Amino acid sequence: MEVVIVEDSHTGSRLVGGAIAQLLTDKPEAVLGLATGSTPLGVYDDLARRHEQDDLSFAKARGFALDEYVGLPRNHPESYRSVLQREIVGRVNFAPDAVQSPNGWAEDIPAACAEYEAAIRAAGGIDLQLLGVGTDGHIGFNEPTSSLASLTRVKSLTEQTRIDNARFFDDDVSAVPHHVVTQGVGTIRRARHPVLLAWGEGKADAVAATVEGPVSAMVPSSALQLIEHATVVVDEGAASKLRLRDYYQTVYTNKPDWQGL
Ligand code: GLP
């Protein structure tokens, strides 16, 4: 796993935006895994800027959302489908229907989850999967004790995650759904290059457990240790509990440019 410590979230977002732009240049039909939450918003701003200013094209690219709530109206402003439409899909030139989300509205949710897995496979798998991390180490909505082999399925949120996400629902915890559909840890492990981002001291424990802790279902993000090419991009606050912080910095400073992220 590579750990990149950046000065601030702005620098980190531009770095990751640059890696996505390079991927789309090398492989215009790339498949992107799209995360929600506040962490990747700077990356989406950076991509929208590159689309505007540098003609970065998403015309042949595909996208798969990481997760979705169950029980919100489809057009609710906080459904992850709406969030992704607002933050990235509607700001660049994806082809119509090139970005799919897990279907939290299906009558038969297990069947819809199986279809979602099949759609990812049919697209050739995810090239670059953006990830944030919850304070408890959840990725997507894979809460602690999620199987490290799990695929897209319905999950129940922990009370802490519902409290954390209440800020998107006018601070009303009761408005945060209990259930979600999420790519599994096993789905995420199939991505060719997961890139996990974390900003601020509030994520320092989760980042330390992700990178330096044992691989454990109690910290689903620690499954990134099992992936051949995984990158963790953190600001100084989120890096503050890493024991080998100086080592990661030396490695990154001396990394040859041609390697990219
Ligand atoms: C939610 C999302 C995750 C995200 C996490 C952290 O639970 N399902 O994908 O990583 O929140 O959110 P934030 O980036 O706002 O800290």
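The values are calculated or read from the model by the stated rules, or taken from the named source; none is laboratory data. For clarity, every value in this text was computed on a predicted model and none was experimentally measured. Positions of Cβ are backbone-derived with ideal geometry, glycine not excepted, and every protein chain shown enters the neighbour counts. Only protein heavy atoms, including side chains, enter the accessible area calculation; ligands, DNA and RNA are left aside. Shrake-Rupley method; radii C 1.70, N 1.55, O 1.52, S 1.80 Å.
A count restricted to the stretch 80-102 and to residues that are open to solvent by 30 Å² or more (accessible area, probe 1.4 Å) and either within 16 Å of the ligand (Cβ to nearest atom) or under 16 Å from the mean Cα position of the chain (by Cα) (or both) stands at 6.
Contact map, the stretch 27-44: first residue more than 12 Å from I88 (Cα to Cα), second residue open to solvent by 10 Å² or more (accessible area, probe 1.4 Å) and of a type in the set (S, T, Y), Cβ cut-off under 7 Å, separation 6 or more or different chains; pairs are P28/S57. Taking the stretch 224-244 as the range and being open to solvent by less than 60 Å² (accessible area, probe 1.4 Å), of a type outside the set (D, E) and in contact with a strand residue (DSSP E or B) (Cβ under 8 Å, 6 or more places away or on another chain) as the test, the residues that pass are L224, I227, A230, T231, V232, V233, V234, A238, A239, L242. Residues that are within 28 Å of V181 (Cα to Cα), open to solvent by 60 Å² or more (accessible area, probe 1.4 Å) and part of a helix (DSSP H, G or I) within the stretch 14-49 comprise just one, D45. Checked against (1) assigned to a loop (DSSP other than H, G, I, E, B); (2) over 21 Å from the mean Cα position of the chain (by Cα); (3) free of Cβ contacts under 8 Å to residues at least 12 places away in the same chain, E228 passes all but a single condition, namely (2).
In the stretch 37-87, what residues are closer than 21 Å to D8 by Cβ and not acidic (D, E)? Once the filter is applied, which keeps residues that are closer than 21 Å to D8 by Cβ and not acidic (D, E), the stretch 37-87 yields G37, S38, T39, P40, L41, G42, V43, Y44, L47, A48, R49, R50. Keeping to the stretch 117-131, report how many residues are open to solvent by 10 Å² or more (accessible area, probe 1.4 Å) and in contact with a Pro (Cβ under 6 Å, 6 or more places away or on another chain). Qualifying residue count for the region: 0. In the stretch 181-196 there is no residue that is more than 14 Å from the chain's Cα centre (by Cα) and either modelled with pLDDT under 95 or open to solvent by 20 Å² or more (accessible area, probe 1.4 Å) (or both). From the residues in the stretch 124-151 that are over 11 Å from V185 (Cβ atoms) and among the polar types (S, T, N, Q), which one is nearest to the ligand (Cβ to nearest atom)? Going through the qualifying residues, I end up with T135. In the stretch 11-32 there is at least one residue matching the filter, namely being within 22 Å of G184 (Cβ to Cβ) and within 16 Å of the ligand (Cβ to nearest atom).
Of all residue pairs spaced 6 or more apart or on separate chains, those with beta-carbon atoms under 8 Å, a first member in the stretch 1-25 that is within 18 Å of S38 (Cα to Cα) and a second member that is at pLDDT 95 or above and of a type in the set (K, R) are G17/R49; G17/R50.
Exactly one residue out of G186, G200 is among the small types (G, A, S), on the phi > 0 side of the Ramachandran plot and touching a residue at least 12 places away in the same chain (Cβ under 8 Å), and it is G200.
Among the residues making up the stretch 50-79, those that are open to solvent by 20 Å² or more (accessible area, probe 1.4 Å) and within 14 Å of the ligand (Cβ to nearest atom) are V70, E78.
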